[in-house]
Amino acid sequence: MEELAMSKPKILYIPTVSHTERVFKKEVFERMLDIFDVKINGTNNNYSSDQVAKEISGFDGLVTGWGTPDLNEAVFENADQLKIISHSAGSVKGFLKEAVVEKYIKPKNICVFSANGAIALNVAETTVGMMIMASRRLMDHALVIRNTTAWSSPDVPSNGKYLMGSTVGIISASKVGRLVIELLKPFRVEILIYDPYLSEWEAGRLGVKKVELDELFAKSDFVSSHAPSIPQTDKMIGEKQLKLLRNGAIFINTSRGSVVDHDALLAEAQTGRITVALDVTTPEPLPPDSPFRKLTNVILTPHVSGAGHYGYYTIGATTLQALEDFFAKKPVQGVVDFSRYELLA
């Protein structure tokens, strides 16, 4: 990084200490401090919008993370040198409103990077794990052994339709959806995909077949949702689609609870003819008396699919890489595309 050595760009780093420890390996963070002139938030208190607005003047870059406040007009009015925002977390929609994007980000050509691709690695791994666990009923086998004196139970079959050679339906060619497709390759599955914004050419490149949503539900052994939470996807999966599922099918949601009509999902799960695995729900968390908690054909996890050391440390590494590449005048991987703000997760 010879270009950077001559004059270190100034970086305002606002994530908390606990966030830093979660997503940055020590050596990666030390490298950031070495090659940039960094002012860090040395506390576990999140910055307020007013604090960012007060301090942003004179800084070339801004590093954000979970807990970032609204970066409002006051922030950007004072951001006289800001060239890049490197977000060490997922979605930027929570702190970059569309009006600000249109008034400041686009006209000033401010580069905005998001590390959501790193989080997607963890979510994709969890998704495939759920497919295997649910189809092989590994949790049920384990609970028989833990809770009884039996070694196995006739109520839990040990032979059935598993992931290998199955038909898998993927909802949305998002970052997670594409990573799941990649991870499924060794399992010799046929993959159907529903995504109205995916071209036939791109579907062919991914090695998947593009279909309509109803067809995907009717023909898949596994259906996995990776759709963003936007108005167009609110309760897009409803009674009609869920009733189309084959007997014995497995429905997985590691995206957002809002994409599913949970009343319809509960009704279908209560028939016992499908298995459901949810890492996200609406509401979240589920209330203590939720019927979902009692169903033996429903697997619930507490919104942890994005967690994991590998993906989290990749967040820190890619956040730094974005800064290095930008100031070295190299292409930045993971830049947020604001051309269709309404479709951003």
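The values are calculated or read from the model by the stated rules, or taken from the named source; none is laboratory data. These numbers were taken from a predicted model, which means no experiment stands behind them. Please note: Cβ atoms are built from the backbone with ideal geometry, for glycine as well, and neighbour counts cover all protein chains shown.
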Taking SER258, is it more than 27 Å from TYR162 (Cβ to Cβ) and either in contact with a strand residue (DSSP E or B) (Cβ under 9 Å, 6 or more places away or on another chain) or not basic (Lys, Arg) (or both)? yes
Is there any pair linking a residue in segment 156-176 that is without any contact (Cβ under 8 Å) to a residue 24 or more places away in the chain to one that is assigned to a loop (DSSP other than H, G, I, E, B) and surrounded by fewer than 22 Cβ atoms within 10 Å (Cβ to Cβ), with Cβ under 6 Å and at least six apart or on different chains, and which? VAL156/ARG137
With respect to LYS329, is the statement that it is over 19 Å from ASN116 (Cβ atoms) and either in contact with a Leu (Cβ under 8 Å, 6 or more places away or on another chain) or not assigned by TED's automatic domain parsing to the domain that holds ILE250 (or both) true? yes
Considering residues that are closer than 30 Å to ARG22 by Cβ, in contact with a helix residue (DSSP H, G or I) (Cβ under 6 Å, 6 or more places away or on another chain) and assigned to a strand (DSSP E or B), the number found within segment 147-175 is 1
Quick check on this structure: which one of VAL144, VAL101 is in the same structural domain as ARG256 (by TED's automatic domain parsing), farther than 18 Å from LEU184 by Cα and not in a strand (DSSP E or B)? VAL144
Filter segment 1-41 for residues that are at pLDDT below 95 and either within 28 Å of VAL100 (Cα to Cα) or touching a Ser or Thr at 6+ places or on another chain (Cβ under 9 Å) (or both) and give the result. none
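Let's see how each residue does on (1) at pLDDT 95 or above; (2) of a type in the set (Asp, Glu):
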{"site": "THR126", "(1), (2)": "yes, no"}
{"site": "ASP140", "(1), (2)": "no, yes"}
{"site": "ASP155", "(1), (2)": "no, yes"}
{"site": "ALA173", "(1), (2)": "yes, no"}
{"site": "LEU184", "(1), (2)": "yes, no"}
{"site": "ARG188", "(1), (2)": "yes, no"}
{"site": "PRO196", "(1), (2)": "yes, no"}
{"site": "ASP221", "(1), (2)": "yes, yes"}
If you scan segment 285-321, which residues turn out to be more than 19 Å from ILE250 (Cβ to Cβ) and of a type in the set (S, T, N, Q)? SER290, THR314, THR318, THR319, GLN321
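Results for (1) over 20 Å from the mean Cα position of the chain (by Cα); (2) among the polar types (S, T, N, Q); (3) within 14 Å of GLY316 (Cβ to Cβ), shown as yes or no for each residue.
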residue	(1), (2), (3)
VAL17	yes, no, yes
ASN44	yes, yes, no
VAL63	no, no, yes
GLN81	yes, yes, no
PHE95	no, no, no
GLU98	yes, no, no
If I ask for residues that are in a helix (DSSP H, G or I), touching a residue at least 24 places away in the same chain (Cβ under 8 Å), under 20 Å from the mean Cα position of the chain (by Cα) and closer than 18 Å to LYS25 by Cα, which ones from segment 294-345 would you list? TYR310, GLY311, TYR312, TYR313, THR314, ILE315, GLY316, ALA317, THR318, THR319, LEU320, ALA322
I need a count of the residues in segment 39-52 that are touching a Leu at 6+ places or on another chain (Cβ under 9 Å) and more than 8 Å from ILE14 (Cβ to Cβ). 3
Report, by residue number, each residue of segment 138-160 that is surrounded by 12 or more Cβ atoms within 10 Å (Cβ to Cβ) and either aromatic (Phe, Trp, Tyr) or touching an Asp or Glu at 6+ places or on another chain (Cβ under 6 Å) (or both). VAL156
